[in-house]
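The values are calculated or read from the model by the stated rules, or taken from the named source; none is laboratory data. What you see is a predicted model, and the numbers here were worked out from it, not measured in a lab. FYI the Cβ positions are ideal-geometry reconstructions off the backbone, even for glycines, and counts take in every protein chain you see.
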Amino acid sequence: MQKITKEDVNPKILDALLADTELSVEDALENEMILNMGPQHPATHGVLRLLLRLDGETVMGCVPELGYLHRGYEKLAENMSYYEFIPHTDRLDYLSPMANNVAWALAVEKLAGIEAPPRAQYIRMIITELARIASHLVAIGALAMDIGALTVFLWTLREREKILDVWDILCGARFTNSYTRIGGVANDAQPEAIAKVKWFIDQYLENLDECEKLLNTNRIFVERLDGVGIITADDAIDLGLTGPSLRGSGVDFDLRRAQPYLFYNEMDFKVITFPDGDSLARYFVRADETRESIKIIRQSLDKMPQGETLLNQPKKVLPKKAEIYSKMEELIHDFMIVNFGINPPVGEIYQAVENPKGELGFYLVSTGEGHPWKCKIRSPSMVNLQSVPHLVKGRMISDVVAIVGSLDPVMGEADK
Amino acid sequence: MGLEAKLNHEGFLTTTVDALVEWSRKNSVWPMPMGISCCAIEMMASGDPKYDIARFGSEVMRFTPRQCDLMIVAGTVTYKMSHVVKKIYDQMPDPKWVIAMGACTSSGGMYRTYSVVQGIDQFLPVDIYLAGCPPRPDNLLNALIQIQDKIGRTRAREFQDQPLPELTVIQNN
Amino acid sequence: MELKELLDQKLKEKFSGENFIFNEYRNELTLSFDKKNVVSVCKLLKEDPDLQFKLCEDITAVDWAKRKDRFTVVYHIFSLKLNLRLALKANVDEADCNIDSVCSIWKTANWHERETYDMYGIKFNNHPDLRRFYMPEEFEYHPLRKDFPLMGIPGSLPLPKK
């Protein structure tokens, strides 16, 4: 890019501009500008503040500022029991609420030393993969909307509405549903819900192909994302990236394969990686991961056994509502668990799952009481955002939007 | 705002002109989506093909406050963010209305902590409080219809040229 | 566990006089050491060709609310080569509330340490940019300490006028 020099600007204009300052002409043309891409912005995926230092339109440096949605989750967790925190985990990564519920339930079950029955684990796997599809659909739609393709956003939201209908039938809430319980899930999957899941996965692949037809061969989309925001595999691991952003740089790391939980070691699916490391690779990883999720759901539906969905352990798991109203022991156990908590043994654990955004980890410290002594939420979006200053150096302002869109942060999670 | 003041200068305004202004104003409410957290996703969902908000006249969700008349505050407002929300509210031209969407904006919601404002009516005048966590898109459309009724009841002659309020500098960075 | 013997051997080679305590709970290994060894132990764990703990997942602190050794700084690191996770712990006293920063080893430690400073008040020596992370700069307290109330201290955060 050519720099503007003194000869390009009329001297009278320069005099008028600099009349009330002490800057000289050379300073005025050489100065860099600080631009505030503020917390309220259509393309920053929530309340993220980016301070950019610009030379013309090229970004020289960037400082992200977080904390505009800091709601005090970790302090809240120290003051409420493990059951009461389940609705709060919904609102962490609010695009895939079921996945967070499953992560919390797994963490507390590990701390307490119990395990959910097999049917509940298969149901949890199905809803986690549905949550992954829903989250990636919004990611693709929002990235396309930021680049300028508005139609794709409406189409992906239409697909997402079908998933929200499934969750509506399953547990009563379309969004922020606190469906899992410690020791299983809240209620069994109804036949209508399972039929709707089967209908959804049968018609999903054609609709995804339609959306991709609009984007993958579109010259504007490809040229705006190709080669933008390249990060090498070593830098990505050093900066702590996880999830699709890391797999877009060619690193084959997926927690469902590396440290399997639920029944993922029995499922047959590929871990998608692309070697390029730019925004286009991250977009392709997300689109292909939804295809693998469809495969996992199909296998889970075939393998799911009949059985109960809540573990029968009265000291740690809330009993069923119908029995509380009619039997004595269940009433007493319900009273103890709700008022005093489940009292896991003294110890600390760290449980990580593969969320759609990356690795979501819960570090829980228990001192034997009903509420955790400390709960740390390792949120993937916060760590992914740390790589933004590294990625935008030397690019232009419109690339900043594409890069933040391809990393796909969610501020509810990044700010806790 | 200036037009009604000029028309109203003599002291009367015909009811047909009044009705025309009200009808056009209420059927083209352009919302300013102050989307902060989870309620913003339900606000986006009210714009998708299933719960179309465009059929009520809110076709454009402009992210610039200078062209909007309804601010939908969707999401938890923290103390750090409250200055930004107030700044955007001040930048909107009169007449303007505010919907407090969800439990977090109405009263702090399920977050009774050190950093969450317990209800945005502590610093903003609110017209409609929506219950829900998050409220369904149908609920938001219901609130929009009620705001349209409220706009329909205000008379155009009430808007005179008012002196500009004193704006204080809230944030220096 | 195999990892335990491997670590034990490597640490004894390099740090002969220091005290390392291993702890195992629910299949997770924790290594506790004195806070002055932080940088050298982490460097060994990252650069050793058999171990290669290149991914630093989390850095946080626990407030035990007792007189001596009030805080414990906890590091969670992961090795892609061995597919294993390790937790490191170092105690920090309230009177001498600082510990060396590991930003020179893992770049991702930058924001994690800033967050720990914001929430607990533990200073990290040689940190390139230690300032508050979530709370505004003028905030005077450290929220996650056990003596800070959940509802906050009235007047500590300003609100715009109506």
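Can you spot a residue in segment A:194-206 that is in a helix (DSSP H, G or I), at pLDDT 90 or above and of a type in the set (S, T, N, Q)? For segment A:194-206, residues in a helix (DSSP H, G or I), at pLDDT 90 or above and of a type in the set (S, T, N, Q): present.
Of the helices (runs of 4 or more DSSP H) that lie entirely inside segment A:292-391, those containing 1 or more residues that are touching a residue at least 40 places away in the same chain (Cβ under 8 Å), out of contact with any helix residue (DSSP H, G or I) (no Cβ under 7 Å at 6 or more places or on another chain) and surrounded by fewer than 21 Cβ atoms within 10 Å (Cβ to Cβ) span A:328-340. For segment B:99-113, residues that are within 14 Å of chain C (Cβ to nearest Cβ) and farther than 22 Å from B:K87 by Cα total 4. Under the condition of being more than 12 Å from chain A (Cβ to nearest Cβ), of a type in the set (A, V, I, L, M, F, W, C) and buried (at least 21 other Cβ atoms within 10 Å of the Cβ), the residues counted in segment B:54-79 number 3. It is to be established whether one or more residues within segment C:71-78 are closer than 26 Å to A:V251 by Cα and more than 9 Å from chain A (Cβ to nearest Cβ). Yes. Within segment C:116-128, if we keep just the residues that are more than 8 Å from chain A (Cβ to nearest Cβ) and in a helix (DSSP H, G or I), the residue that is nearest to A:R378 (Cα to Cα) turns out to be C:T116. Of the residues making up segment B:41-74, those that are over 24 Å from B:C104 (Cβ atoms) and outside any helix (DSSP H, G or I) are B:P49, B:K50, B:D52, B:G57, B:E59, B:V60, B:T64.
Of all the residues in segment C:110-125, those that are touching a helix residue (DSSP H, G or I) at 6+ places or on another chain (Cβ under 9 Å) and of a type outside the set (D, E, K, R) number 5. Among A:P42, A:P11, which is surrounded by fewer than 17 Cβ atoms within 10 Å (Cβ to Cβ), closer than 20 Å to B:T76 by Cα and modelled with pLDDT under 85? After ruling out the rest, the residue left standing is A:P42. Contact map, segment A:263-277: residues that are at pLDDT 90 or above paired with residues that are crowded, with 17+ Cβ neighbours inside 10 Å and of a type in the set (G, A, S), Cβ distance under 7 Å, separation 6+ or inter-chain. Pairs shown: A:F274/A:G248; A:F274/A:A281. One residue stands out in segment A:70-79 among those that are at the interface with another protein chain (Cβ under 10 Å from one of its Cβ atoms) and over 21 Å from A:R49 (Cβ atoms): the one that is surrounded by the fewest Cβ atoms within 10 Å (Cβ to Cβ), namely A:N79.
Within segment C:10-29, how many residues are more than 14 Å from chain A (Cβ to nearest Cβ) and part of a loop (DSSP other than H, G, I, E, B)?
Matching residues across segment C:10-29 total 6.
In segment C:123-154, the residue that is farthest from C:H76 (Cα to Cα) out of those that are in contact with a strand residue (DSSP E or B) (Cβ under 6 Å, 6 or more places away or on another chain) and touching a residue at least 60 places away in the same chain (Cβ under 8 Å) is C:K146.
Scanning segment B:120-149 for residues that are within 14 Å of chain C (Cβ to nearest Cβ) and in a loop (DSSP other than H, G, I, E, B) yields B:F123, B:L124, B:P125, B:V126. Scoring B:D90 on the criteria (1) surrounded by 16 or more Cβ atoms within 10 Å (Cβ to Cβ); (2) among the acidic types (D, E); (3) touching a residue at least 60 places away in the same chain (Cβ under 8 Å) leaves a single failure, condition (1). For segment A:48-64, check the following and say yes or no: at least one residue is facing chain B (nearest Cβ under 7 Å) and buried (at least 21 other Cβ atoms within 10 Å of the Cβ). Taking every residue of segment A:48-64 in turn, none turns out to be facing chain B (nearest Cβ under 7 Å) and buried (at least 21 other Cβ atoms within 10 Å of the Cβ). Counting only helices (runs of 4 or more DSSP H) that fall entirely inside segment A:214-285 and contain at least 1 residues that are within 14 Å of chain C (Cβ to nearest Cβ), the qualifying elements are A:233-238, A:244-247, A:255-258. Considering (1) touching a Ser or Thr at 6+ places or on another chain (Cβ under 9 Å); (2) more than 29 Å from A:A233 (Cα to Cα); (3) modelled with pLDDT of 85 or more, the lone condition that C:N126 does not fulfil carries the number (2).
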